[in-house]
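Report on one structure; see the data block that follows.
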Amino acid sequence: MLTPQGLKGKQYRITGNSYPRLGRPPRKSRRVFALIGSLLALALIALGGVQLYDIFTGKGRNASAQACASPSGKPLAAPTPTPDAAPTGDPRAIPQQTAFKVNVFNATAKAGLAGRTAEEFTKRGFTVDKKGNAPAELDKKVPGTAVVISGPAGAGAATLISSQIAGASVTTDARTDNTVDVVVGDSYNTLLDETQAAAALALATKPSPTPSSTGSC
């Protein structure tokens, strides 16, 4: 006589090729499996909620920043913007009108243009030192409105002067002082009005945007 598992304690005699039919597994084991499945589902839902919270609160971005680390394990520092070669983009580098001298030269065939331009600069508070015809290397060779020339020490002054003339170009030479030369060309007529000049100066001295530090590694 045999009592197979699942036959609820009943004894059966096995004869020939006939076998007793086994009953269903106990209900208790099915409840255990259902409970385990429910716990796994709740764990997955909780994990997804934590990830969404990190995304909306910005913690995910902090984790990304930590991932961009140097070989030593420390986060990489934000890139340092490279300063401009000349200090023309910094308003603090723009001197007052009386802190430097302006030389005005006429590179056109229009008589008296240097004198009239020098007078306009004087009325705006600039100190004019020299005025006259342009040197031979520039005479009749300025196709635009004007060329503003300075050395490295006068870069800020050159920015201020060039903002007074529409379309003026700026260049540098090897001089060591902060004087500025203004060589007016064929397209020059007069200085911008003071409102236009102030707007041009604000545009010229507007700080360049710094590179973003949120890029990929």
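Please list 3J(HN,Hα) in residue order for region 150-160, calculated via the Karplus relation 6.51 cos²θ - 1.76 cosθ + 1.60 where θ = phi - 60°; whole Hz, with x for glycine and proline.
Computed from phi, the couplings for region 150-160 are 8, x, x, 6, x, 4, x, 5, 5, 5, 5 Hz.
Taking only protein heavy atoms into account and a 1.4 Å probe, give the accessible area per residue of region 85-175 in Å².
50 Å²
Quick one: of LYS123/LYS206; LYS110/LYS131; LYS101/LYS140; LYS101/LYS123, which pairs are farther than 19 Å apart, Cα to Cα?
From LYS123/LYS206; LYS110/LYS131; LYS101/LYS140; LYS101/LYS123, over 19 Å: LYS123/LYS206; LYS101/LYS140.
The values are calculated or read from the model by the stated rules, or taken from the named source; none is laboratory data. Remember, it's a predicted structure, so these values are computed and weren't measured experimentally. Accessible surface areas use protein heavy atoms only, side chains included; no ligands, DNA or RNA. Shrake-Rupley method; radii C 1.70, N 1.55, O 1.52, S 1.80 Å.
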